[in-house]
Amino acid sequence: MKLNRRGKASIFTDSEWQRLLKATRSESQRLIWEIAYWTGERMGAIRQLRVESVYRDPIARIPHEYIFYAKETRKGQIDDRQVPIHPSLARALKAYSPPVAGYLFPGRDAMDCLDHRTIDSNLRSTLVRAGLDKRGFTTHSFRRTFLTRLANNAISPWVLQKISGHRDRSSLDEYIEVTDKQVLAAVNTL
């Protein structure tokens, strides 16, 4: 758990995820959380999403089947990343009123995207409203939650690596949380 800005970002349980959503006041904040939760991408790439990377028809609110993350927006990446849109995320995208073009989450200046500090500040205040501010959640919690949930569903490490865009397994392994209960259950299978 991340405490005093040290350690790894905490993983959301299902109930904590629901509490976060209920405490979210803004439509755009909610969609940022939803995209992060259902695609496991970093906030740096999410905040730079272009409308055309998510929506086939923004006026009719019709998303693509995949969200496209350009390599230029991804931390240290040499490849683009496409993530299939989960049905829950598709519902959130259809409920959202996106801009017609440009950044999906524009900043104060419409020519630029929302800055990371604003997203971080919004998450912190939402966590306070949800009563989750002392649990070690950060913007990276969404990515860790996504990858841990997939790993707990017995998704192959190679598939996880492809989904997450990690170049090597050792980097990917740092995201996946293994609990004492899981270790005990594994040993008890013998």
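Scanning the range 16-50 for residues that are within 14 Å of Ala90 (Cα to Cα) and of a type outside the set (Asp, Glu) returns Arg30, Leu31, Ile32, Trp33, Ile35, Ala36, Tyr37, Trp38, Thr39.
Taking the criterion of being of a type in the set (Val, Ile, Thr) and crowded, with 21+ Cβ neighbours inside 10 Å, the residues of the range 38-56 that qualify are Thr39, Ile46, Val54. Residues that are within 16 Å of the chain's Cα centre (by Cα) and aliphatic (A, V, I, L, M) number at least 3 in the following helices (runs of 4 or more DSSP H) confined to the range 119-190: 141-152.
Could you tell me whether any residue of the range 98-115 is out of contact with any Gly (no Cβ under 6 Å at 6 or more places or on another chain), part of a helix (DSSP H, G or I) and either acidic (Asp, Glu) or in contact (Cβ under 8 Å) with a residue 12 or more places away in the chain (or both)? Checked the range 98-115: no residue is out of contact with any Gly (no Cβ under 6 Å at 6 or more places or on another chain), part of a helix (DSSP H, G or I) and either acidic (Asp, Glu) or in contact (Cβ under 8 Å) with a residue 12 or more places away in the chain (or both).
Any read-out appearing in this document is the output of simple, stated calculations on the displayed coordinates, not a laboratory observation. On a predicted model such as this, the values are computed, not experimentally measured, just so you know. Note that each Cβ is placed from the backbone with ideal geometry, even for glycine, and that neighbours are counted across all protein chains shown.
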